[in-house]
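Computed from the coordinates by the stated procedures, all read-outs in this text should not be read as laboratory data. Fair warning: this is a prediction, and the values are worked out from it, not measured in the lab. In this analysis, Cβ positions are derived from the backbone assuming ideal geometry, glycine residues included, and neighbour counts consider all displayed protein chains.
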Amino acid sequence: MNREHFLLRLEQDQEWDLVVIGGGASGIGSAIEAVTRGLKTLLLEQHDFSKGTSSRSTKLVHGGVRYLAQGNISLVLEALRERGRLRKNAPHLVKQQAFIIPNYNFWGVPFYTIGLTIYDLMAGKWRFGSSKPYSAATTLKKAPTLIKHHLTGGVLYYDGQFDDSRLAINMVQTFCEHGGTALNYVKVTGLLKDNSKICAVEAVDLETGKSFIIKAKAVLNATGIFVDQVLKMDDPEAKDIVRPSQGVHLVVDKKFLPGDCAIMIPKTSDGRVFFAVPWHNKVVLGTTDVKKDAIELEPRALDEEVNFILETASQFLELPPLRSDVRSVFAGLRPLAAPAGTSTKTKEISRGHVIKVSPSSLVSLIGGKWTTYRQMGEDTIDRIAEVHQLNIKPSATADLKIHGYKEKGDSSSPRDFYGADEDVLDNLTTENPALADALGIDLGMIKAQIVLAVRNEMARTVEDVLARRTRALFLDAKQSIAMAPEVARIMADELGKDEDWQKQQIEEYTILANRYLLS
C-alpha cells in the first residue's frame, strides 16, 4: 500500500488487462475478483477509498428481511449465502448480531416467528442463529429501554454487523497483496477509443497534477452514484441509468440502547424498516429512503429525515433521543439501478445489481448492496471476460481471506476490528510508547492508529483518517474536530508535510465535520 510505488508502476507499465474506475464496495470487490483470476488490474479512485456511499451504510451484513417480505427470494438467498461467506472470510469485521423485533399486538409474535424461521431455513448452513419468540419480560431483559406499555413480546433473530470503511480498506490491501495496483486521488478524466472501442483512459493525479494515458484491454465503470457521469464520457447522449436514493443515519450514545441486542421495527410510517444497531460503543439509528435528483459527494440530511428518525425512535424507546443527543448524522446516496417500470418509490426498487455493456465495450456495474459485493464482482468479471475474450481462472473469492483475518479476537478490545493488524499496532507502541497515548475522550483511539493509517493504509488527509481509517467522524463529529490538530501533526511527521499543510488540513476537516453536526 505504497502510493509512490504504485504511481511509479503506473508510469512504467504499458497495458493493463483491466482498469477499474471506482474505489467503493463494487469497484474493490470486482478488482479483487479480477486480480485473483489472473488479470493485471488497476484500481483508480478519484477521492479516497469508500469515500462515498460505501462508508455510509447501516453497518449491517444481512439477507434482507424486507426483501423477503417483498417476495424477492433470489436476492435474499444470494445475500444470505454471501453474508455467511463474508463472516467466514473477515471474522474480525463481520460479527453475529442479535436483533429483537418488539411487538405491541397479539398477532405480531407468531407472525414474525414464522417469517424469520423461514429466513433461517433459507440461510441453510450459513445461518447465524435460530429465531425464537420471547415473552414481554424476556424481551425487556434483552432490550430494557423499549417502551413497556402494551408490549406483548418479541422475536429474536440473527443477522450480521460490520464496519463498512474498515472492510473496504482491508479489501484494498487484499487486492494489493495479490498483485493489484490501487491508487486513491487519481481521477479519470476521459476515455480514449480505437475503432469505436475503448482502449485507454485519461487520468490525473490530484495530488501532483500529473496526467496519465493508461492503456487497457477492458474498463469497468464501478463508480456508484457517478456511473452516469462515466457513461457520458463514453457517449454524451447516454441515458441516465442510476436512480439515487438518500439514506440518513443518526448516531447516539449507548445509553439509549444498552446491552448487545439491536432493534428492528419491520414497518414504519413510510413503509421501511427501522434499525437501532449497537456499533463501536454507540448506536446507529436509521434509515430513510428519499428520492434524490442531485448527485452529491457529501449529501446532507434533510430536517424531515432527521425528524422522522427521532420520531420513530420515540415510538419504541422509553428514553427518546433528542436532536441534542445526536453525536453525528451522516447521509449516503444509494446508486439504485433505474427500474423498467413507472414506480417512483425508491424503497420499491430492487437492491439487486445490473451489469450494462455499452457499444464501446465499456462495462458498468450498477446497484447492489455491500453484503453481495463478492457475487457482484464474480458476475462482473465473468461478463468482462466474455465481452473482451480474456482468459481467466475460475473464481476463488468464495474462500478468500480478507486482510486482517483473525479467527478469534478479543471482543473487549476497542481495536478488535483490526484483526491481525492489532499486532502491528502493538509493535508500533512498543517501538514508540508515546503512540499508545489516547486520542479523544471515549472513542478508544490511540496515536498508533494514525501512523498505521499513513504507513499501511494509504491515508493522505486528516479526513481519510478520522472518517474512514478510524470512524471518529461518524461516531462523534464534535469530538473528531477536537482531535484534528493532533492527527494533522502526526500525519505531517509521517508524510513530510509543513505547518501550512497542517493548517489547511485542519480547516478543511473542520468545515466537513460541521456538516455531520445538527445545528
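In nm, what is the difference between 0.36 nm times the number of residues separating residue 360 and residue 436 and their Cα-Cα distance?
22.1 nm
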Practice prompt. Using a Förster distance of 25 angstrom, determine the FRET efficiency expected from the C-beta separation of residue 9 and residue 398, and round it to 0.05.
Written response: 0.30
Worksheet item: List the trypsin sites (Lys or Arg not before Pro) in region 201-237 that DSSP assigns to loop (not H, G, I, E or B) and whose Cβ has at most 13 other Cβ atoms within 10 Å. Which are they?
Response: 210
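Charges at C-beta only: +1 for Lys and Arg, -1 for Asp and Glu. How large is the resulting dipole of region 416-514 about its Cα centre, in Debye rounded to 20? Each step should come with its number before you reach the end.
Numbers: 10 positive and 20 negative charges, 54 e Å.
Roughly 260 debye for region 416-514.
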Practice prompt. Give me 134, 373 ranked fewest to most by other Cβ atoms within 10 Å of their Cβ, as a rough exposure proxy.
Written response: 134, 373
Worksheet item: For 360, 165, 411, what's the fewest-to-most ordering of other Cβ within 10 Å of each Cβ?
Response: 411, 360, 165
Response to the item:
Taking only the alpha-carbon positions of region 280-413 as identical scatterers, the Debye log10 I(q)/I(0) at q = 0.10, 0.22 Å⁻¹ comes out as -0.57, -1.30
Practice prompt. Mind checking which of 512, 481, 492 is farthest towards the positive end of region 416-514's charge dipole, using Cβ charges of +1 (Lys, Arg) and -1 (Asp, Glu) about the Cα centre?
Written response: 512
Discussion item. If R₀ is 45 angstrom, what is the calculated FRET efficiency for the pair residue 300 and residue 192, using the beta carbon separation as r and rounding to 0.05?
Written reply: 0.80
Worksheet item: Going by how many other Cβ atoms sit within 10 Å of their own, how do 507, 499 line up, fewest first?
Response: 499, 507
Practice prompt. Among the lysines, select those whose C-alpha is under 20 Å from the C-alpha of residue 497, and discard any that sit fewer than 8 residues away in the same chain.
Written response: 210, 447
Worksheet item: Tell me, what is the FRET efficiency for residue 132 and residue 73 to the nearest 0.05, using R0 = 35 angstrom and their Cβ-Cβ distance as r?
Response: 0.90
Worksheet item: So what's region 416-514 giving for Cα Rg divided by 2.2 N^0.38 Å, two decimals?
Response: 1.00
Discussion item. How long are the semi-axes of the equivalent ellipsoid of the chain, taking √(5λ) for every eigenvalue λ of the Cα gyration tensor, in whole Å from largest down?
Written reply: 36, 28, 22
Item to complete: Calculate, in whole percent, how much of the Cα-Cα pair population of region 350-481 lies beyond 23 Å.
Response: 53 percent
Discussion item. Rounded to the nearest angstrom and ordered from largest down, what semi-axes does the equivalent ellipsoid of region 89-215 get from its C-alpha gyration tensor (root of 5λ)?
Written reply: 51, 17, 16
Response to the item:
Expressed to two decimals, region 217-296 has a Cα Rg over Rh, using the Kirkwood radius, of 1.17
Worksheet item: At 37 °C and 0.692 mPa s, what whole-number value in µm²/s does Stokes-Einstein give for the translational diffusion of region 474-513, with Rh from the Kirkwood sum over Cα pairs?
Response: 321 µm²/s
Worksheet item: Where in region 457-501 is the amide nitrogen less than 16 Å from a point lying 7 Å along the Cα-to-Cβ axis of residue 253?
Response: 475-480
